[in-house]
Amino acid sequence: MWRAFIGIIRKEFIQGLRDKNNLRMLFVMPVIQLVVMGYAVNTDVKRLQLDVYDFSQSAHSRQLIEAFKAGDYFVPVNRQLEGEAVPLWRLEERFLGKDAEMAVIIPQDFSEKLVAGDPVQIGWIADGSDANAARMGLGYAGQIVRTFSNTITGRKPNIELRYDYLFNSEAESRYFMVPGIVATLLTMLTLMMTSMAIVRERELGTLEQVMVTPISTITFMMGKITAFAIMSMVIMGVSLQVGLWWFDIPFAGSHLLLFGLSLLYLLSTLGLGMFISTLTHTQQQAMFLAWFFSIFTMLTSGYFTPIANMPEWLQQVTLINPMRYYIEIVRGIVLKGAGMADFYMSVVGMTIFGLVIFAFAALRFHKRAREKGNMRILISGASGLIGSALLPALERDGHTLIALTRKRGSQ
């Protein structure tokens, strides 16, 4: 019994070490995920883009602005003195375009009331679509204002921060999470469904059977992709409507625009799933690789934590992540009612990635399918010599076929 037990263990180790694809998946990918998660999953909220509207233009107001610059929590820009002059009434447009996340409004009589010891009110407006950042930003601002008031007056803080959240008046986190969950589900579903379905057909032998029919590779590929796209859009639509209804989240934008851009996003995910199918030989490998890519895209998309909190090098990596752009689009349309002009750069980035990965995957799939079809024909011609029992092994290793055929011929 023990000899058999040890033999099985030894056999599994030998078999596992022979498969280089499995070795890469088991050792390289977990290390990559560990490094990425260590940098990407950062719950600190820093470097918030803060628009400053200083109607006082006094020494005290400038001191307060400098107080917001201290630390690494805000990046304040005085919209009347620095950069592009933007009137207050255009603040919502800046929130829609992700150009600003918060704004502080200093009244004209700020300095006079501060010196006289009278109560002073400061306006604070935050983009409520990211509820966590909005709440934490308000907490940071409250602490900064209290410290500033103590330092200037030496008395009990008499500056009141009057705040408001746009697009999410109660700053509820479900407004932020539900659209992100829908984007995540669509990504994981299409990646796994596409990669595993194609590999399953290859394992069963039906892919090679189709390749020897008059159906072209492009026709076969587009037929499968279209079916997956239709199923994915139906599932996405149902999931989104259920989520919005169950959690009572208003839909502020255009359904037609959301579904049109979702179809564009599928160009990336289905192309990536098809590319994974060309790298793997079994459904287990395809599932593992699709899971790896799903986790990677989710962590670097801004779904959990803001991209601005990540290291500079990782922020550059997120530029090739299509889910980053899609999450911005979904949240912008659902929560803010944003239009194409508000996130056109996200649409451009998502389109470029989708076209590149889909074209590359299609070329690789066509090349591999043609090679498989040629190998199938060669194997069929040699089946009378070497027996049908060896066909699965020969399909996995063309060199074995050549060696056995030559040996048979020499006899």
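The values are calculated or read from the model by the stated rules, or taken from the named source; none is laboratory data. Keep in mind the model is a prediction, meaning the values are calculated, not measured. Every residue, glycine as well, gets a Cβ built from its backbone with ideal geometry; the counts of neighbours run over all protein chains shown. With ligands, DNA and RNA removed, areas are computed over all heavy atoms of the protein, side chains included. Shrake-Rupley method; radii C 1.70, N 1.55, O 1.52, S 1.80 Å.
At-a-glance table
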{"read-out": "Heavy-atom SASA rank of Ile181, Ile8 (probe 1.4 Å, accessible area, largest first)", "value": "Ile8, Ile181"}
{"read-out": "Local electrostatic count at Ser173 - Lys and Arg +1, Asp and Glu -1, tallied over other residues with Cβ under 13 Å", "value": "0"}
{"read-out": "Per-peptide average of other Cβ atoms within 10 Å, ordering 114-124, 282-292 highest first", "value": "282-292, 114-124"}
{"read-out": "Per residue accessible area of the range 113-209, 1.4 Å probe, in Å²", "value": "44"}
{"read-out": "Carbon + sulfur, % of accessible area of the range 171-325 - ligands and nucleic acids excluded, 1.4 Å", "value": "73"}
{"read-out": "Net charge over other residues, Cβ less than 13 angstrom from the Cβ of Ile329 (K, R count +1; D, E count -1)", "value": "+2"}
{"read-out": "Filtered chymotrypsin sites (Phe, Trp or Tyr not before Pro), the range 237-284: DSSP coil and at most 12 other beta carbons within 10 Å", "value": "Phe247"}
{"read-out": "Accessible surface ranking that places the most exposed of Phe13, Phe296, Phe360 first, with a 1.4 angstrom probe", "value": "Phe13, Phe360, Phe296"}
{"read-out": "Neighbour-limited loop hits for trypsin sites (Lys or Arg not before Pro), the range 134-226 (at most 14 other Cβ within 10 Å; DSSP other than H, G, I, E, B)", "value": "Arg155"}
{"read-out": "Accessible area (Å², 1.4 Å probe, nearest 10) - Asp164", "value": "80"}
{"read-out": "Centre separation in Å (Cα based) which lies between the range 243-301 and the range 303-330", "value": "15"}
